[in-house]
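**Q** Encoded as structure tokens, here's the structure I'll be asking about.
The values are calculated or read from the model by the stated rules, or taken from the named source; none is laboratory data. A quick note: this is a predicted structure, and the numbers were derived from the prediction, not measured. Cβ: placed from backbone, ideal geometry, glycine included. Neighbour counts: every protein chain shown.
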Amino acid sequence: MIKKQFLIYILLTVISLTQNTYLFAATEKFVERKALVITDPQNDFLSPSGVAWPMVKESVQKNNTVQNIERLFEAASKQNTLVFVSPHFYYPYDQKWEFTGKMETWMHERNMYLRSGPLTLKGFEDSGADFLEKYKPYIYRENTIITSPHKVYGPENNDLVLQLRKRGVNHIFLAGMSANLCVESHMRELIEQGFKVTVIADATAAAKMGELDGYSAAMTNFNMIANDVITTKEAVKVMRNE
């Protein structure tokens with residue numbers, strides 16, 4: 001009889017704890033931890049001397065992309081917001097791949113984003129792979145994390161997701177280059193990984209190649225997939241908690 005009463009007591013205790021845990025989980029407030037993620041803020045896309053400039057110039061200038069990315073960096077710096085830079089680097093051995101997509105082939109043929117190697121900065125400064133000069137004060141600061149490089153377009157093979165999770169980030173403000181390639185690929189993967197992703201539409205741009213308009217293609221998918229699509233002005237206000 002005592003044993004039976006004891007078992008009933010244990011069962012009721014377990015049920016009570018389970019209910020309390022459920023109620024706590026259901027009422028616990030979701031806390032957003034924001035971060036700015038910038039892809040490819042590099043010379044080959046954003047400088048007039050870059051190899052891709054002739055293709056992206058129109059879109060970059062129309063969107064005021066260079067200045068808008070700088071505004072995002074500045075706002076994040078003032079608010080002490082974490083910034084993650086996902087760069088695009090190629091090394092000599094990457095150019096020996098046995099097959100590539102059309103844009104990969106185009107980039108390799110022009111030595112786009114090419115560095116001497118992963119463990120040397122020889123020839124890096126002011127090269128196409130280097131960061132835009134005006135961004136460097138923001139990139140080379142304590143609250144900016146430069147991830148390992150992505151190699152094609154998305155972050156599946158670099159450590160961006162790991163770094164975001166280790167810092168407790170769950171809401172990403174996404175910008176950078178190029179809209180329909182690296183930005184869109186990052187958006188898709190980060191959404192799949194369970195992050196809230198807000199794309200900043202005028203802090204990116206894309207190539208025009210004949211009838212192909214990369215920016216228009218990207219905007220269609222941003223608006224269909226991202227949690228939100230906003231302007232730089234709106235993003236800065238959110239960062240300032242206005």
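**Q** Suppose the filter is basic (Lys, Arg) and in a loop (DSSP other than H, G, I, E, B); does residue 71 pass it?
**A** Values: basic (Lys, Arg): yes; in a loop (DSSP other than H, G, I, E, B): no.
In short, no.
**Q** Could you look through the stretch 170-181, keep only residues that are part of a strand (DSSP E or B) and on the phi < 0 side of the Ramachandran plot, and pick out the one that is surrounded by the fewest Cβ atoms within 10 Å (Cβ to Cβ)?
**A** 171
**Q** Please enumerate the residues belonging to the stretch 105-144 that are assigned to a helix (DSSP H, G or I) and not hydrophobic (A, V, I, L, M, F, W, C).
**A** 105, 108, 109, 133, 134, 135, 136, 137, 138
Yes/no matrix, rows are residues, columns are (1) of a type in the set (A, V, I, L, M, F, W, C); (2) modelled with pLDDT of 95 or more; (3) not in a helix (DSSP H, G or I):
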site	(1), (2), (3)
12	yes, no, no
15	yes, no, no
50	no, yes, yes
59	no, yes, no
62	no, yes, no
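**Q** Which of the residues belonging to the stretch 191-233 are of a type in the set (Asp, Glu) and touching a residue at least 12 places away in the same chain (Cβ under 8 Å)?
**A** 202, 228
**Q** Out of all the residues in the stretch 124-142, is one or more of a type in the set (D, E, K, R), touching a Phe, Trp or Tyr at 6+ places or on another chain (Cβ under 7 Å) and either touching a residue at least 24 places away in the same chain (Cβ under 8 Å) or not assigned by TED's automatic domain parsing to the domain that holds residue 182 (or both)? Write out each step before concluding.
**A** First, pick out the residues of the stretch 124-142 that are of a type in the set (D, E, K, R): 125-126, 130, 133-134, 136, 141-142.
Next, from what is left, pick out any that are touching a Phe, Trp or Tyr at 6+ places or on another chain (Cβ under 7 Å): 130.
Retained after the next criterion (residues that are either touching a residue at least 24 places away in the same chain (Cβ under 8 Å) or not assigned by TED's automatic domain parsing to the domain that holds residue 182 (or both)): 130.
Yes, there is a match, as at least one residue in the stretch 124-142 is of a type in the set (D, E, K, R), touching a Phe, Trp or Tyr at 6+ places or on another chain (Cβ under 7 Å) and either touching a residue at least 24 places away in the same chain (Cβ under 8 Å) or not assigned by TED's automatic domain parsing to the domain that holds residue 182 (or both).
**Q** How many residues, within the stretch 44-62, are touching a Ser or Thr at 6+ places or on another chain (Cβ under 8 Å), closer than 12 Å to residue 204 by Cα and aliphatic (A, V, I, L, M)? Before the answer, list the steps.
**A** Here is the first cut: in the stretch 44-62, the residues touching a Ser or Thr at 6+ places or on another chain (Cβ under 8 Å) are 45-46, 52-53, 56, 59.
Of the ones still in play, those that are also closer than 12 Å to residue 204 by Cα are 45-46, 56, 59.
From the residues that got through so far, the ones that are aliphatic (A, V, I, L, M) too are 46, 56.
Of the residues in that region, 2 qualify.
Residue by residue, here is whether (1) under 20 Å from the mean Cα position of the chain (by Cα); (2) within 17 Å of residue 50 (Cβ to Cβ); (3) surrounded by fewer than 17 Cβ atoms within 10 Å (Cβ to Cβ) holds:
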residue	(1), (2), (3)
73	yes, no, no
86	yes, no, no
96	no, no, yes
124	no, yes, yes
138	yes, no, no
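**Q** Let me ask you something else. Could you go through the stretch 178-191 and let me know if any residue there is in contact with a helix residue (DSSP H, G or I) (Cβ under 8 Å, 6 or more places away or on another chain), among the basic types (Lys, Arg) and more than 20 Å from residue 61 (Cβ to Cβ). Please lay out each step first, then the result.
**A** The initial filter retains those residues of the stretch 178-191 that are in contact with a helix residue (DSSP H, G or I) (Cβ under 8 Å, 6 or more places away or on another chain), namely 178-181, 183-184, 186-191.
Add one more test, that the residue is among the basic types (Lys, Arg), and what stays is 188.
Narrowing the set further to residues that are more than 20 Å from residue 61 (Cβ to Cβ) leaves 188.
Looking for residues that are in contact with a helix residue (DSSP H, G or I) (Cβ under 8 Å, 6 or more places away or on another chain), among the basic types (Lys, Arg) and more than 20 Å from residue 61 (Cβ to Cβ), one finds at least one in the stretch 178-191, hence yes.
**Q** Further, regarding this structure: Under 8 Å between Cβ atoms, which residue pairs at least 6 apart in sequence (or on different chains) link something in the stretch 69-96 that is without any contact (Cβ under 8 Å) to a residue 60 or more places away in the chain with a partner that is part of a helix (DSSP H, G or I)?
**A** The qualifying pairs are 94/108; 95/108.
**Q** Let me ask something else about it. Picking from 123, 210, which residue would you name as being modelled with pLDDT under 95 and at positive phi? Write out each step before concluding.
**A** Details: 123 fails: modelled with pLDDT under 95.
Matching residue, one of 123, 210: 210.
**Q** Here is a further query. Check whether at least one residue in the stretch 141-160 is at pLDDT 95 or above, among the aliphatic types (A, V, I, L, M) and under 22 Å from residue 47 (Cα atoms), and report yes or no.
**A** yes
**Q** Sort out which residues of the stretch 160-169 are surrounded by fewer than 16 Cβ atoms within 10 Å (Cβ to Cβ) and outside any helix (DSSP H, G or I), and write them in order of number. Don't jump to the end; show me each part of the working.
**A** Initially, the stretch 160-169 is screened for residues surrounded by fewer than 16 Cβ atoms within 10 Å (Cβ to Cβ), giving 162, 165-168.
Result: 167, 168.
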